[in-house]
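Below is one structure, written out as structure tokens; the observations come after it.
The values are calculated or read from the model by the stated rules, or taken from the named source; none is laboratory data. Predicted model, so just to flag it, every value in this text is computed and none were measured. Every residue, glycine as well, gets a Cβ built from its backbone with ideal geometry; the counts of neighbours run over all protein chains shown. Side chains are part of the model used for accessible areas, which takes the heavy atoms of the whole protein and leaves out ligands, DNA and RNA. Shrake-Rupley method; radii C 1.70, N 1.55, O 1.52, S 1.80 Å.
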Amino acid sequence: MRGITKNIKYVGVNDNEIDLFEGQYNVPNGMTYNSYLILDDKIALMDTVDKTKTVEWINNLEMFLEDREPDYLVISHMEEDHAGSIERALNKYPKMKVVLNAISLRMFGQFFDIDISNRTLLVKEGDTLELGNHTLKFIMASMVHWPEVMFSYEENTNTLFSADAFGKFGANKTEEDTIYSYSNTDKVDWKELWDDEARRYYINICGKYGPQVQVVLGKLSTLNVEVKTICPLHGPVLSGDLSHYLDLYDKWSKYEPETDGTLIVYGTIHGNTEEAAKELFNMLKEKGKEAEIMDIARCDMSEAISKAYKYKNLAIVCVTYNMSIFPNMNLFITMLKEKNYQNRNLAIVENGTWAPNAANVIKKSLGELKDINIVEPIITIKSKLNEETKKKLEELAENI
Ligand code: FEO
């Protein structure tokens, strides 16, 4: 499904060979690097792809270009998963102009030793580019998640080219997967298809920049237009009822939870702390409360971060280690802080045989973040659960 509209074509590629995206995120289902062609009196090429996929990408372009050449290359983002094939494209299409903003131009010189001074079209907020029946309006999206990021809105088809925003992890399994058309009435499991992997992508990569995402969402609403299609740089093109995706982006960037449930994250050495975490999980379930449980040493860290944002409540059940906390939990907390974690309820259960100290460390690290509400009681387990600590867990489960 490469035709998004009659004249806007998907020319992106799948990457099923990648092991870690951005050198750190597991992508068991691969990744897409999206690129688009707008075919009109003038042809605009919207971004390139990672350098590992240049040949396949050029083949996709040639499928639609026939004997024409693109007139413009619009650069939304200079990160190399999108800019990696720029040099090859500039050499292949020598008349093609480069459309970019001033920050991208500065970065261009850092990445490429190519003189583009006679083929540069510098654009800024609100500028437009006429292609014929299509007009691109440029919207600066600074720090979503780099400073040079720029959206382009095509006014004739109401299509938003949104850079990394609204992207997700995972390759397109079939050509039909290239476009998702969400409807509240259909039976497709959208959570499975988009929400979880889009949240994991957003929170881990853009999570720190919620205020900046809010700024660009605000700009979109003041454009006073109805966006009908979103073309991100990763994952499927989004069409149909876009409120589903826009609402989630609004929530995530305001640091609001999606549900009132609880994520329990535990760090255990020999299993006694795990037993307490599972006891708490069962108690919550028995009370009819939504809960999910993750072993911080064995789960995917980026998924734990993502789930911490999904739920209103976070329960950390952690063993004391070197008078501090379990190392993987330390990393989890550090990453939460880096992603501006806030506006949540925090429950703490510590374990320690001779000098339990995990609760102090957790409270000091997370308790000082914005709008973190500590749920009482903070529980100390000495080696193993006993009747007294089980009663306290019951009280905690009630209060969460
Ligand atoms: Fe997909 Fe920020 O690069």
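Brief remarks follow.
- Every condition in (1) touching a Lys or Arg at 6+ places or on another chain (Cβ under 9 Å); (2) at pLDDT 85 or above is met by A171 except one, and the failing one is (1).
- Top-ranked residue of the stretch 108-128 - restricted to ones that are of a type in the set (G, A, S) and over 15 Å from I86 (Cβ atoms), ranked as most open to solvent (accessible area, probe 1.4 Å): S117
- Segments classed as helices (runs of 4 or more DSSP H), wholly inside the stretch 251-356, with at least 2 members that are at pLDDT 95 or above and surrounded by fewer than 18 Cβ atoms within 10 Å (Cβ to Cβ): 272-286, 327-338
- Condition check for L246: part of a helix (DSSP H, G or I) and touching a residue at least 60 places away in the same chain (Cβ under 8 Å): no
- Residue satisfying condition, being within 16 Å of the ligand (Cβ to nearest atom) and surrounded by fewer than 20 Cβ atoms within 10 Å (Cβ to Cβ), within set N101, N34, N59, N14: N14
- Residue in the stretch 72-84 that is farther than 21 Å from W146 by Cα and either open to solvent by 80 Å² or more (accessible area, probe 1.4 Å) or more than 16 Å from the ligand (Cβ to nearest atom) (or both) present: yes
- Hey, M140 open to solvent by 10 Å² or more (accessible area, probe 1.4 Å) and either touching a residue at least 12 places away in the same chain (Cβ under 8 Å) or more than 16 Å from the ligand (Cβ to nearest atom) (or both) or not: yes
- Top-ranked residue in the stretch 209-231 [being touching a residue at least 60 places away in the same chain (Cβ under 8 Å) and touching a helix residue (DSSP H, G or I) at 6+ places or on another chain (Cβ under 6 Å); ranked as farthest from the ligand (Cβ to nearest atom)]: G210
- Boolean, K51 is open to solvent by 40 Å² or more (accessible area, probe 1.4 Å) and either within 15 Å of the ligand (Cβ to nearest atom) or within 26 Å of M140 (Cβ to Cβ) (or both): yes
- When residues in the stretch 174-215 are screened for being of a type in the set (F, W, Y) and modelled with pLDDT of 95 or more, 3 of them pass.
- Qualifying residue in the stretch 288-296 (condition: in the same structural domain as K228 (by TED's automatic domain parsing) and of a type in the set (D, E)): no
- Among the numbered conditions (1) of a type in the set (S, T, Y); (2) over 25 Å from T222 (Cα atoms); (3) out of contact with any Asp or Glu (no Cβ under 8 Å at 6 or more places or on another chain), the only one that S162 does not meet is (2).
- Filter result (assigned to a loop (DSSP other than H, G, I, E, B) and either open to solvent by 60 Å² or more (accessible area, probe 1.4 Å) or touching a residue at least 60 places away in the same chain (Cβ under 8 Å) (or both)) within the stretch 367-383: E368, K370, D371, V375, E376, K382, S383
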